[in-house]
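> Here it is, the structure in full.
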Amino acid sequence: MSYFREVLGSKELLVNLIQREVSGKYRRTALGQLWSLANPIAAIIIYTFVFSVIFQLQAPVGEKSGLTYYALFLVAALLPWLFFQRVLSMGVDSIVHNAGLVQKVYFPRLVLPLSLVGASFFTWLFEMGVLVVALLIAGAWGLIPLLPLVLVFMVLLALFAGGLSMVLAIMNVYFRDTAHFVALLLQFWFYLTPILYPVSLVQSQSDKIGGLLGTPVTLLDLYRLNPMEPFVAIFRSLLYDNVVPDAQPVITASIWTVVFLVAGYLLFWRKEKMLAELL
């Protein structure tokens, strides 16, 4: 409990680190925060062209919204993924890159990955605001009453990503290969998550194959072990379909969040006094 109180007592430091990250990233640029839209817009254009124009992949009809735009189907899942990717990519190096600060001054080291979550969340809010406007222009008016739920699940994903980044940040202090492994892992993880395609394609293949190795376990069962799969299902339901998500992905996403938050907190609680020496 004493460590938890220390973290809570570092709110001012956390806010200052978030402000430093947000303001410093686009300092002395003409477009400022608008540059945060560059990567998602470029990704949307490229993936939409490749999968919608070249491969002729059709987006399913939005359950309540009636949307049929592949670009909107894509971006409803792509923006949560890009947020998750940013948090992990920066969070894994959060302690190592601040080695000088860690070795000179004592403070709860937990605020380092948390500050990156906060800065990434600020950018994500900006991106999601643009997406909401685009969805409303496309006619998804059923999204309006669901906006509070969108924000709730944005916070849930932020907590999940933050918890996982805490674990990875500690691992990277002990094994510097962790950062390189995460960069490689995220490339595979992206294509193993139903972002570019609907999960129904996986389900079709799973039904054709049946039980794996004579067991009742199916390809879809293994696929759904992916912690990001329920988050994608939740955001697609809210943003693209304009319906309240099913209980199953909500429960699964919540369990993953609790597991990694607890694991990350316990790792910092037990290991942070050794970090200065290890760095």
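> Can you give me the ranges of the helices (runs of 4 or more DSSP H) entirely in region 176-279 with at least 3 residues that are in contact (Cβ under 8 Å) with a residue 24 or more places away in the chain?
Those helices (runs of 4 or more DSSP H) span 177-191, 228-235, 247-278.
> Can we say residue 239 is closer than 30 Å to residue 139 by Cα and of a type in the set (A, V, I, L, M, F, W, C)?
Considered against the rule, which asks whether it is closer than 30 Å to residue 139 by Cα and of a type in the set (A, V, I, L, M, F, W, C), residue 239 comes out as yes.
> Are there any pairs with C-beta distances below 6 angstrom linking a residue in region 106-130 that is under 20 Å from residue 3 (Cα atoms) to a residue that is of a type in the set (Asp, Glu), with the two at least 6 apart or on different chains, and if so which?
108/6; 109/272
> Take region 85-100 and flag every residue that is over 15 Å from residue 18 (Cβ atoms) and in contact with a helix residue (DSSP H, G or I) (Cβ under 9 Å, 6 or more places away or on another chain). I'd like the intermediate steps shown before the answer.
Our first condition is that a residue be over 15 Å from residue 18 (Cβ atoms); within region 85-100, this holds for 85, 88-89, 92-93, 95-97, 99-100.
Hits for region 85-100 are 85, 88, 89, 92, 93, 95, 96, 97, 99.
> Another one. Criterion first (closer than 17 Å to residue 85 by Cβ, hydrophobic (A, V, I, L, M, F, W, C) and surrounded by fewer than 23 Cβ atoms within 10 Å (Cβ to Cβ)) does residue 126 satisfy it?
yes
> Can you confirm whether residue 147 is free of Cβ contacts under 8 Å to residues at least 60 places away in the same chain and either outside any helix (DSSP H, G or I) or under 22 Å from residue 37 (Cα atoms) (or both)?
Criteria met by residue 147.
> How many residues are in contact (Cβ under 8 Å) with a residue 24 or more places away in the chain, under 19 Å from residue 240 (Cβ atoms) and crowded, with 17+ Cβ neighbours inside 10 Å if we restrict to region 65-102?
17
> Turning to a different aspect of this structure: With respect to residue 169, determine if the residue is part of a helix (DSSP H, G or I), more than 28 Å from residue 132 (Cα to Cα), touching a Pro at 6+ places or on another chain (Cβ under 9 Å) and not polar (S, T, N, Q).
Yes; evaluated as a whole, the condition is true for this residue.
> Looking at (1) part of a loop (DSSP other than H, G, I, E, B); (2) free of Cβ contacts under 8 Å to residues at least 24 places away in the same chain, find the lone condition where residue 52 falls short.
Against the list (1) part of a loop (DSSP other than H, G, I, E, B); (2) free of Cβ contacts under 8 Å to residues at least 24 places away in the same chain, residue 52 comes up short only on (1).
> Go through 249, 216, 227 for me and flag whichever is surrounded by 12 or more Cβ atoms within 10 Å (Cβ to Cβ) and more than 22 Å from residue 168 (Cα to Cα).
It is 249.
Any read-out appearing in this document is the output of simple, stated calculations on the displayed coordinates, not a laboratory observation. The shown structure was predicted, so the numbers you read here are calculated from the model rather than taken from an experiment. Backbone-built Cβ (ideal geometry, glycine too); neighbour counts: all protein chains shown.
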